[in-house]
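This report concerns only the one structure given below.
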Amino acid sequence: MASDLGDVPHLPAATVEPVDLAARLDEALMVQALAFGLTHAEVEVRRPIVQRHLLQPGARGFAALTGTGRLVGFVYGMPNSRAHWWSTVVEPYLRATGSEPWLDGSFVITELHVHPRFQGRGLGRGLITAITDGAAEPRSILSAIDTESPARALYRSLGYRDLARRVHFPSAPRPYAVMGAPLPLSRGN
């Protein structure tokens, strides 16, 4: 998917705000496609999944928006439920490491993506802290590709630790790590 940011030599500032993600789903999916290198067909598979997630009780989202209102990053999540597909996949891996209790009383970060041109500017940190600061749950869990990456470094700096590694999701080509952190997230780094 093409970005309409062009070759802007100086990118505008962006702020983190609550957003009705369902109303801005096309923009969010474009950011996810650019951040993850997804094809149009892969984006269309994700569309109904995200729409279904956003209807879950307690689901909410935040966006990184430029001064003109352009969405350049987003996060959404919800209180975790063992009935959610994600939980059913990660449960045996968490059980094997003694971390299964993390599935209860946790706010799950379902998706967090920042447009590649806006990465490295603190937007990911701002998005995840904004959404978790409003969580009623005492902890947060998420999954990330199981490789050393800027995303995993960010999560660690916020207090997330590995709960299970080499987690395989159906049809995902690479393994994931499940990470968890007590809330509120650390602001140390």
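Below are the figures for this structure:
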{"read-out": "Carbon/sulfur fraction of accessible area - the chain, other protein chains in place, 1.4 Å, %", "value": "57"}
{"read-out": "The chain, accessible area per residue, ligands and nucleic acids excluded (1.4 Å, Å²)", "value": "49"}
{"read-out": "CD proxy at 222 nm, helix term only [per DSSP H run n ≥ 4: -39500 (n - 2.57); per residue of the chain; nearest 500]", "value": "-9500 deg cm²/dmol"}
{"read-out": "Heavy atoms of Arg156 accessible to a 1.4 Å probe, total area in Å² rounded to 10", "value": "90"}
{"read-out": "Accessible area, probe 1.4 Å, largest first, for residues Phe118, Phe36", "value": "Phe36, Phe118"}
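The values are calculated or read from the model by the stated rules, or taken from the named source; none is laboratory data. Since we're looking at a predicted model, the values are computed, not measured. Side chains are part of the model used for accessible areas, which takes the heavy atoms of the whole protein and leaves out ligands, DNA and RNA. Shrake-Rupley method; radii C 1.70, N 1.55, O 1.52, S 1.80 Å.
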